[in-house]
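The values are calculated or read from the model by the stated rules, or taken from the named source; none is laboratory data. This structure is a prediction, so every number in the text was calculated from the model and none was measured. Cβ placement follows ideal geometry from the backbone for every residue including glycine, while neighbour counts extend to all protein chains displayed. Note: accessible area is taken over every heavy atom of the protein model, side chains too, but ligands, DNA and RNA are not part of it. Shrake-Rupley method; radii C 1.70, N 1.55, O 1.52, S 1.80 Å.
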Amino acid sequence: LFNRNLQDERAPLAIVKPSSLSQLQAVLETARASKLRVSVRNGGHNPSGRALSKGGVTIDLGRHRAIRIVRNDASGPVAEVGAGAVWGDVYEALGGSGLYAVGGGCPMVGVAGLVMNGGIAFTSRKRGLVGDSVLSFTLVFPNGTVAETGGGRSALRSALSAGGGSTLGVVWALRLRLWPAPEGGHGVGVVRLG
């Protein structure tokens, strides 16, 4: 955890690191059948330590960090992001592309965690909250069912990008709208790695 003082008092029974959607579904189905509480860890930056489920199962999505940039999507340029990715992964994937994402200023913060809590970015005055850039989510419900939120402002999509996602299921992936970087890249607030 980012707040290491809480690690011992929030120790889970098990930490599971699924690398596929089917593994995540199996973990959720097993936890549900066993009546175990579930928590999800993306970047682990929540100061209250909610990434760990004391006596339950923590699903660490760190193995699902793939990012794919799609320039010619019907929505414009987008980033398809695995829910285990951190903002540094996104910025590295965007390097030299002439595009930017409305995202976190710390490269180690989890993308899904910040998105699902609204998120304020350097460019929020111009482009809105980080959660406003989400085009769709792939969500796995506790019973293992997979749902895509699709475009538009569905109730499910709104709930996920307004802090309610942690009680609905586990976000496996998301699609973020990308924006053209201003000439010279000034004023975007992109974190440079390396």
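Here are some values of Rg and Dmax of the Cα atoms in Å: (i) 30.1, 121; (ii) 16.5, 55; (iii) 18.2, 67. Which one was computed from this structure? Of the labelled values, this structure produces (ii).
When the dipole is taken about the Cα centre of the range 1-83, and only Lys, Arg (+1) and Asp, Glu (-1) are charged at their Cβ, what size is it in debye, to the nearest 20? Dipole about the Cα centre, nearest 20: 120 debye. Just the protein heavy atoms count here, and of the accessible area of the chain at 1.4 Å, carbon and sulfur take up 51 percent. Taking a straight line from the alpha carbon of Lys17, these lysines sit under 30 Å away, with near neighbours fewer than eight places off in the same chain left out: Lys35, Lys54. A simple spin-label model places the labels of Leu21 and Val70 1.3 nm from each other, with each point 7 Å out along Cα-to-Cβ.
Label point of Ala181 set 7 angstrom out along Cα-Cβ; within the range 78-115, amide nitrogens under 17 Å from it belong to 78-79, 87-107. Between Ala155 and Lys35, the modelled labels are 2.9 nm apart [label points 7 Å from Cα along Cα→Cβ]. The helix-based estimate of mean residue ellipticity at 222 nm for the chain, built from -39,500 (n - 2.57) per DSSP H run of four or more residues and divided by its residue count, is -5000 deg cm²/dmol to the nearest 500.
Between the range 167-182 and the range 14-53, the C-alpha centres lie 20 angstrom from each other.
Based on protein heavy atoms only, the range 1-105 ends up with 52 Å² per residue of surface accessible to a 1.4 Å probe.
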